[in-house]
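Colleague: First the structure, which I've put down as structure tokens, then a few questions once you've had a look.
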Amino acid sequence: MPSGVPKGENCQVDMDSKAGDLFSAEDAHPTGTGGVGVLARYALWLPKGLSASVAKEWFDKRRLSIRPWASFVDQRKFSKPRNFGELCQRVVKNVEIYNSNYTFIFLGLILYCIISSPMLLIALAVFAGAFYIIHLKSLESKLVVLGKELTVPHQMSLAGAVSLPVFWLAGAGAAVFWVLGATLFVIGSHAAFRELEGSDMEELLMEPV
């Protein structure tokens with residue numbers, strides 16, 4: 001019997017090489033320099049360039065720039081704008097000041113919509129599974145359609161086309177419009193009725209026209 005690496009170890013080496021193709025070494029290893037704790041475990045589902053470390057960095061930046069929620073919802077700071085000009089000033093400035101708060105409100109509405117609709121969860125699972133299978137196939141051999149190699153965005157589009165009937169059955173279109181409508185209503189109302197702080201008003205008056 002020829003001597004060599006045990007079969008089980010060969011399997012491990014092969015899996016490691018696959019992971020190296022899918023992800024960078026820092027992102028794939030939970031304890032590496034790019035490790036991000038629990039999120040790093042889910043990096044195995046992300047193609048290279050969409051690593052968990054990138055998502056965590058974006059999330060942390062947004063979280064650190066959030067204005068205090070107590071001040072955000074303080075009813076004493078809300079009033080009806082005196083005229084249309086003041087309304088526009090409030091909307092522009094409040095969107096600039098509370099953009100991170102508004103981002104998390106938007107994400108919260110998306111999460112609520114998904115959780116409250118089991119069919120949407122199934123549709124998202126079908127999309128994720130289709131994309132994962134297509135991406136693995138592209139690693140084994142290049143996928144070419146009409147003479148062009150399928151890039152990651154193309155693979156996501158193909159996965160979306162495959163799962164489109166499930167999204168249609170789940171009423172994804174109505175869910176998208178609901179999320180957008182609810183987001184515009186909540187953010188628009190807050191931005192229009194939230195009074196500007198004294199320092200914000202001074203900064204607004206000092207801006208060149």
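The values are calculated or read from the model by the stated rules, or taken from the named source; none is laboratory data. Remember, predicted model here, so these are calculated numbers, not experimental data. When we count neighbours, we look across all protein chains shown, and the Cβ atoms used for this are built from the backbone with ideal geometry, even at glycine. Surface accessibility is based on the protein's heavy atoms, side chains included, excluding ligands, DNA and RNA. Shrake-Rupley method; radii C 1.70, N 1.55, O 1.52, S 1.80 Å.
Colleague: Filter the helices (runs of 4 or more DSSP H) completely within the stretch 55-115 down to those with at least 3 residues that are among the charged types (D, E, K, R), modelled with pLDDT of 90 or more and open to solvent by less than 100 Å² (accessible area, probe 1.4 Å).
Modeller: By residue number, 84-97.
Colleague: Quick test of your reading of the structure: Ile134 fulfils all but one of (1) open to solvent by less than 30 Å² (accessible area, probe 1.4 Å); (2) closer than 30 Å to Val73 by Cβ; (3) not hydroxyl-bearing (Ser, Thr, Tyr). Name the failing condition by number.
Modeller: For Ile134, the failing item is (2).
Colleague: Is one or more of the residues making up the stretch 24-32 modelled with pLDDT under 80, open to solvent by 80 Å² or more (accessible area, probe 1.4 Å), assigned to a loop (DSSP other than H, G, I, E, B) and not charged (D, E, K, R)?
Modeller: yes
Colleague: Tell me, yes or no, whether the stretch 185-197 has at least one residue that is within 20 Å of Ile105 (Cα to Cα), aromatic (Phe, Trp, Tyr), without any contact (Cβ under 8 Å) to a residue 40 or more places away in the chain and out of contact with any strand residue (DSSP E or B) (no Cβ under 9 Å at 6 or more places or on another chain).
Modeller: yes
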